[in-house]
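*Asks:* Handing you this structure, nothing more for now.
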Amino acid sequence: MKNTKSKLAYLFPYLQQLNLKTMRVWDIHPKYLCRKHLLAEHRELHGLWNILTKYKGKGGYSHHPETLRWFGKQKALYVRHEKLIKEFSRRGYSHYSPLNKELAVGSTNQNVFINTISEQKEILNRKPCECLLHVI
């Protein structure tokens, strides 16, 4: 865990200077996401979950900034998944891929951001989609 924290401390000032234009798991409430972004985040979240749980944070995208920010926060990632599923249900979408709650360990809060919430809203506003950020 100490190693991961030092990696994050080292990487995030650099990542924020890059002003990354892509997100994998948003921090904006799912009700504001269009269908495309809601489904894409769900798909990405499952991939991230597998890296963190099944592969113990090793392999393919283990050094990706999005993976690093969720390391040790599987419980928070589980909570995000549940929010996505609640939104699926509200919209009448089906869901057949639950996460194993027993693997939801670590912190329940995500307080590390690649982009701030305001920056995430700007990124989504620039996309040609139907995200409902104008109502936030």
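The values are calculated or read from the model by the stated rules, or taken from the named source; none is laboratory data. In this text the structure is predicted, and so the values were computed from the model without any measurement. Counting neighbours? That spans all protein chains shown, and the Cβs are built from the backbone with ideal geometry, glycine included.
*Asks:* Consider region 88-136. How many of its residues are farther than 23 Å from Leu48 by Cα, part of a helix (DSSP H, G or I), modelled with pLDDT under 95 and not β-branched (Val, Ile, Thr)?
*Replies:* Summing the residues that are farther than 23 Å from Leu48 by Cα, part of a helix (DSSP H, G or I), modelled with pLDDT under 95 and not β-branched (Val, Ile, Thr) in region 88-136 gives 5.
*Asks:* Within region 54-67, which residues are out of contact with any helix residue (DSSP H, G or I) (no Cβ under 6 Å at 6 or more places or on another chain) and part of a helix (DSSP H, G or I)?
*Replies:* The answer is Glu66, and nothing else.
To keep it simple, each residue is scored yes or no on (1) more than 17 Å from Glu130 (Cα to Cα); (2) in a helix (DSSP H, G or I); (3) under 11 Å from the mean Cα position of the chain (by Cα); (4) at pLDDT below 50.
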| site | (1), (2), (3), (4) |
| --- | --- |
| Lys7 | yes, yes, no, no |
| Phe12 | yes, yes, no, no |
| Lys31 | no, yes, no, no |
| Glu41 | no, yes, yes, no |
| Glu44 | yes, yes, yes, no |
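*Asks:* Looking at region 72-100, I want the residues that are under 22 Å from Asn111 (Cα atoms) and have a partner that is buried (at least 16 other Cβ atoms within 10 Å of the Cβ) and of a type in the set (Asp, Glu) with Cβ atoms under 7 Å, at least 6 apart or on another chain. Which pairs are those?
*Replies:* Leu84/Glu41
*Asks:* Sort out which residues of region 85-110 are in contact with a Lys or Arg (Cβ under 9 Å, 6 or more places away or on another chain) and polar (S, T, N, Q), and write them in order of number.
*Replies:* Of everything in region 85-110, those that are in contact with a Lys or Arg (Cβ under 9 Å, 6 or more places away or on another chain) and polar (S, T, N, Q) turn out to be Ser107, Thr108, Asn109, Gln110.
*Asks:* If I filter region 69-83 for residues that are out of contact with any His (no Cβ under 6 Å at 6 or more places or on another chain), polar (S, T, N, Q) and closer than 19 Å to Pro30 by Cα, do I get at least one hit?
*Replies:* The first filter runs over region 69-83 and keeps only residues out of contact with any His (no Cβ under 6 Å at 6 or more places or on another chain), leaving 69-83.
Still in the running and polar (S, T, N, Q): 74.
Pick out the ones that are also closer than 19 Å to Pro30 by Cα and you get 74.
Yes, that holds for at least one residue.
*Asks:* Could I ask something else about it? What are the residues in region 99-131 that are surrounded by 10 or more Cβ atoms within 10 Å (Cβ to Cβ), within 16 Å of Ala40 (Cα to Cα) and of a type outside the set (Val, Ile, Thr), if any?
*Replies:* Scanning region 99-131 gives Gln120, Leu124, Lys127, Cys129, Glu130, Cys131.
*Asks:* Can you confirm whether region 18-26 contains a residue that is farther than 24 Å from Glu130 by Cβ and either part of a loop (DSSP other than H, G, I, E, B) or at pLDDT below 95 (or both)? Before you say what the answer is, go through the steps one by one.
*Replies:* First pass over region 18-26, keeping only residues farther than 24 Å from Glu130 by Cβ: 18-19.
If we keep only those that are either part of a loop (DSSP other than H, G, I, E, B) or at pLDDT below 95 (or both) too, we end up with 18-19.
Within region 18-26, one or more residues are farther than 24 Å from Glu130 by Cβ and either part of a loop (DSSP other than H, G, I, E, B) or at pLDDT below 95 (or both).
*Asks:* Output the qualifying pairs, or none if there are none: Cβ atoms under 7 angstrom, residues six or more apart or on different chains, first residue in region 110-126 and closer than 20 Å to His64 by Cβ, second residue among the small types (Gly, Ala, Ser).
*Replies:* What qualifies is Gln110/Ala76.
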